[in-house]
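Presented below is the structure to which this report refers.
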Amino acid sequence: DSIKINVFSKEHRPPHIHAEYNEYEVLLIIENFEIYAGYLPKNQLRQANNWLHDNQEWAMTVFYELNPELL
């Protein structure tokens, strides 16, 4: 459904991903799937959470590879 998942360098704690859909963006905490900031429509938020649940270990690894100073 055109949801874009990003992990960026030069980030801040807590470890999180960015999920984008059209004009919406939400930051989801990798460890507990909670919303840190932003908004996504209900269906897209569920899909982003499902993706994160299935890729949690990968997302955490990439977050710290891109942000080693936060280890």
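The values are calculated or read from the model by the stated rules, or taken from the named source; none is laboratory data. Keep in mind it's a predicted model, so treat the numbers as computed, not measured. As a convention, Cβ positions derive from the backbone with ideal geometry for all residues, glycine included, and neighbour counts pool all protein chains shown. Only protein heavy atoms, including side chains, enter the accessible area calculation; ligands, DNA and RNA are left aside. Shrake-Rupley method; radii C 1.70, N 1.55, O 1.52, S 1.80 Å.
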Let me spell it out: the conditions are (1) in a helix (DSSP H, G or I); (2) open to solvent by less than 80 Å² (accessible area, probe 1.4 Å), and His53 meets all of them except one. Which number is the exception? (2)
Quick check on my filter: what residues within the stretch 1-50 are of a type outside the set (A, V, I, L, M) and assigned to a helix (DSSP H, G or I)? Lys42, Asn43, Gln44, Arg46, Gln47, Asn49, Asn50
Considering only the stretch 36-55, state which residues are in contact with a strand residue (DSSP E or B) (Cβ under 6 Å, 6 or more places away or on another chain) and over 18 Å from Ser2 (Cβ atoms). Tyr36, Ala37
For a quick check of your reading of the model, give me the residue pairs whose first member lies in the stretch 46-67 and is of a type in the set (Gly, Ala, Ser), whose second is part of a helix (DSSP H, G or I) and at pLDDT 95 or above, with beta-carbon atoms closer than 7 Å and at least 6 apart or on different chains. Ala59/Leu52
Scanning the stretch 12-25 residue by residue, the ones that are closer than 12 Å to Phe63 by Cα and open to solvent by 30 Å² or more (accessible area, probe 1.4 Å) total 3
Looking at Leu28, Leu40, Leu66, Leu71 in this structure, which one is more than 9 Å from the chain's Cα centre (by Cα) and either of a type in the set (Gly, Ala, Ser) or surrounded by 15 or more Cβ atoms within 10 Å (Cβ to Cβ) (or both)? Leu40
Please tell me if Trp58 is of a type outside the set (Gly, Ala, Ser), touching a strand residue (DSSP E or B) at 6+ places or on another chain (Cβ under 7 Å), assigned to a helix (DSSP H, G or I) and surrounded by fewer than 17 Cβ atoms within 10 Å (Cβ to Cβ). no
